[in-house]
Amino acid sequence: MPHLVVAPFDKRRIDALAREGKLCTFRAEAEGKRVDLIGVRDGEGEFFLELKERPREWIIRADKITRPLDANRIKKVLASLAEEAELEIRHSNIRLAPGKPSVAAEFDKSIETFETAEFPLEKVALEVGFGSGRHLLWQAKEHPDTLFVGVEIHTPSAQQVLKQIEIQGLRNIWVVNYDARLLLEMLPSNRLEAIYVHFPVPWDKKPHRRVISDAFVAEAMRVLRPEGILELRTDSERYYRYALEVFSRPVKADFRVEKNRDLPVVSKYEARWRRQAKDIYTLTMRALERSEPRRAAYRFDFKAPVNLARIASLPEKAIVKSDWFVHFGTRFRRSDGGGGILECSFGSFDRPEHKYLRFDREGRLEYFPSRPVATAANYAAHQKIGALIHG
């Protein structure tokens, strides 16, 4: 990931840049930690840099919550910051490589895109955890009349597929660097042609983290049109038997099991497993009925002004209920007195949200970089956050 290692410097240089409106928007200091957040703004929007202090050198990099997928975008911002603040660079990996392909930024979609679900093509399919992207890219080339939404939480994989989209000149792929289980809840009913889940992590020691679950299958059947398919492929016999049980639980179900079925495209991992003579299982479940429209009219706003004193006294221990939780993390105070920022994790246990709560001196509060996904667990957590802050 792009970063700078710099000599310690006077942080007031950052504050001066923010006052002058040069790249930086603020600097905020963590309570009890030698870590700062630096707000930066370029032509594509705002994200945060993390400044971490070490005894003899400091590290500056994009923070995990707001980090954009485009590594070149981060490199350009870091280079501009180093120049504007006159930093002494001791090490960096931000050199731009002109010969390397750029990412297809227009196909990098945020989670907010799916609040309205205005797709450019009538046919839409979803691939969960596309990894190297071989299957996703092949499907897009074979079916130009279908929009393929690829969802991948591993950032480098998402970046590589965006580069391949640019190289191959594809126009019918959207890439989403997010949790597919949350995105699925945002989609309208009866909209997808297919959902592909190929070789998910088995999570044998942490089964609650598995993608396939009763809730996932229920949501999949809701968003699939009648006769649409949910396709799972796995090399794990334990995961296969677990999924077989999950697929069998609905009152009505139509699914089939295949063993060692060949596909026209094979990932490097599947090729390795075949060389090892491992069995590959495919479970295909078909949607039988038209589903009711999705009803999720949740609002994630806060009444203004919020009680700033209450923010300072929020509990450090997680609040855990039967089907949702809230946990407040590091607090940051803006150096210009313009409010602060608070890390917050919340929602369901198997697919939590990680956001910042950003507030100004007037007591206006918002989620950053985006609002939570409209799920019942997120809304219950949001209501608790509001109750704690407003007192």
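The values are calculated or read from the model by the stated rules, or taken from the named source; none is laboratory data. A quick note: this is a predicted structure, and the numbers were derived from the prediction, not measured. Cβ placement follows ideal geometry from the backbone for every residue including glycine, while neighbour counts extend to all protein chains displayed. In case anyone asks, the SASA skips ligands and DNA or RNA and just uses the protein heavy atoms, side chains included. Shrake-Rupley method; radii C 1.70, N 1.55, O 1.52, S 1.80 Å.
Does residue 155 satisfy the condition of being modelled with pLDDT under 90, open to solvent by less than 60 Å² (accessible area, probe 1.4 Å), out of contact with any Phe, Trp or Tyr (no Cβ under 7 Å at 6 or more places or on another chain) and of a type in the set (S, T, N, Q)? Considered against the rule, which asks whether it is modelled with pLDDT under 90, open to solvent by less than 60 Å² (accessible area, probe 1.4 Å), out of contact with any Phe, Trp or Tyr (no Cβ under 7 Å at 6 or more places or on another chain) and of a type in the set (S, T, N, Q), residue 155 comes out as yes.
With respect to (1) out of contact with any strand residue (DSSP E or B) (no Cβ under 8 Å at 6 or more places or on another chain); (2) more than 14 Å from residue 382 (Cβ to Cβ), the lone exception for residue 304 is condition (1).
Going through the range 313-339 one residue at a time, which ones are touching an Asp or Glu at 6+ places or on another chain (Cβ under 9 Å) and more than 30 Å from residue 210 (Cβ to Cβ)? If the condition is that a residue be touching an Asp or Glu at 6+ places or on another chain (Cβ under 9 Å) and more than 30 Å from residue 210 (Cβ to Cβ), then 331, 332, 333, 334, 335, 336, 338, 339 are the ones that fit. With the condition kept exactly as written, say whether any residue in the range 312-326 is at pLDDT 95 or above, touching a Cys at 6+ places or on another chain (Cβ under 9 Å) and on the phi < 0 side of the Ramachandran plot. Scanning the range 312-326 turns up at least one residue that is at pLDDT 95 or above, touching a Cys at 6+ places or on another chain (Cβ under 9 Å) and on the phi < 0 side of the Ramachandran plot. For the range 345-369, a tally of residues being open to solvent by less than 10 Å² (accessible area, probe 1.4 Å) and among the hydroxyl-bearing types (Ser, Thr, Tyr) returns 1.
When the test is whether a residue is under 21 Å from residue 65 (Cβ atoms), at pLDDT 95 or above, of a type outside the set (Ser, Thr, Tyr) and under 24 Å from the mean Cα position of the chain (by Cα), residue 332 passes it. Every residue in the range 275-307 that is under 29 Å from the mean Cα position of the chain (by Cα), of a type outside the set (D, E, K, R) and under 30 Å from residue 357 (Cα atoms), please. Within the range 275-307, 296, 297, 298, 300, 302, 304, 306 meet the criteria. For the range 335-344, a residue qualifies if it is open to solvent by less than 30 Å² (accessible area, probe 1.4 Å) and under 23 Å from the mean Cα position of the chain (by Cα), and the qualifying residues are 341, 342, 344.
Residue pairs whose Cβ atoms lie under 8 Å apart, separated by 6 or more positions or on different chains, with the first residue in the range 67-87 and of a type outside the set (A, V, I, L, M, F, W, C) and the second open to solvent by less than 30 Å² (accessible area, probe 1.4 Å) and in a helix (DSSP H, G or I), are 67/74; 67/155; 68/74; 70/159; 70/162; 84/17.
Residues in the range 274-328 that are surrounded by 18 or more Cβ atoms within 10 Å (Cβ to Cβ) and either of a type in the set (A, V, I, L, M, F, W, C) or free of Cβ contacts under 8 Å to residues at least 24 places away in the same chain (or both): 12 in all. Among the listed residues 194, 253, which satisfies the condition of being modelled with pLDDT under 95 and either open to solvent by less than 60 Å² (accessible area, probe 1.4 Å) or over 30 Å from residue 69 (Cα atoms) (or both)? Being modelled with pLDDT under 95 and either open to solvent by less than 60 Å² (accessible area, probe 1.4 Å) or over 30 Å from residue 69 (Cα atoms) (or both) holds for just one of 194, 253, which is 253.
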